[in-house]
Amino acid sequence: MNKSLTVDEMNKDYALYVASLSFEALSINEPNAHILTASYIKTPDDYLDDTIEWGEQPSKEVTKEFLNQFYVPESTEEILNRYEWEVESI
């Protein structure tokens, strides 16, 4: 878990993530590229999935604040419940 990751850093990382995928999608030189580019569209929770897969899981509080920018609270809770979170000591 990366407890030092902030919401601001997650926002910047997500923007760079989406931008890099967009450039990659634009570089496809095939007749059916419009079909392939759909796989490059990533939602904030897709980004979170990838971030966790890369071993950079942010704290639950930061993740919740990040997701609340994009989803209603009920959806945010649904997404948060997909993951195991470390119990943070006081």
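The values are calculated or read from the model by the stated rules, or taken from the named source; none is laboratory data. Just so it is clear, the model here is predicted, and its values are computed rather than measured. Cβ placement follows ideal geometry from the backbone for every residue including glycine, while neighbour counts extend to all protein chains displayed. Surface areas here come from the heavy atoms of the whole protein model, side chains and all, with no ligands, DNA or RNA. Shrake-Rupley method; radii C 1.70, N 1.55, O 1.52, S 1.80 Å.
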Practice problem: Collect the residues in region 37-85 that are open to solvent by 50 Å² or more (accessible area, probe 1.4 Å) and among the aliphatic types (A, V, I, L, M), keeping them in residue-number order. | Solution: A38, I41, V72
Quiz item: How many of the residues in region 42-90 are in a helix (DSSP H, G or I) and aromatic (F, W, Y)?
Solution: 2
Quiz prompt | Answer residue from region 1-36, given it is at pLDDT 70 or above and among the small types (G, A, S) and is least open to solvent (accessible area, probe 1.4 Å) among those | solution = A25
Exercise. Consider only pairs whose beta carbons are under 7 Å apart and that are at least six residues apart or on different chains; among these, list those whose first residue lies in region 54-77 and is acidic (D, E) and whose second residue is surrounded by 13 or more Cβ atoms within 10 Å (Cβ to Cβ) and assigned to a helix (DSSP H, G or I).
Key: E65/V7
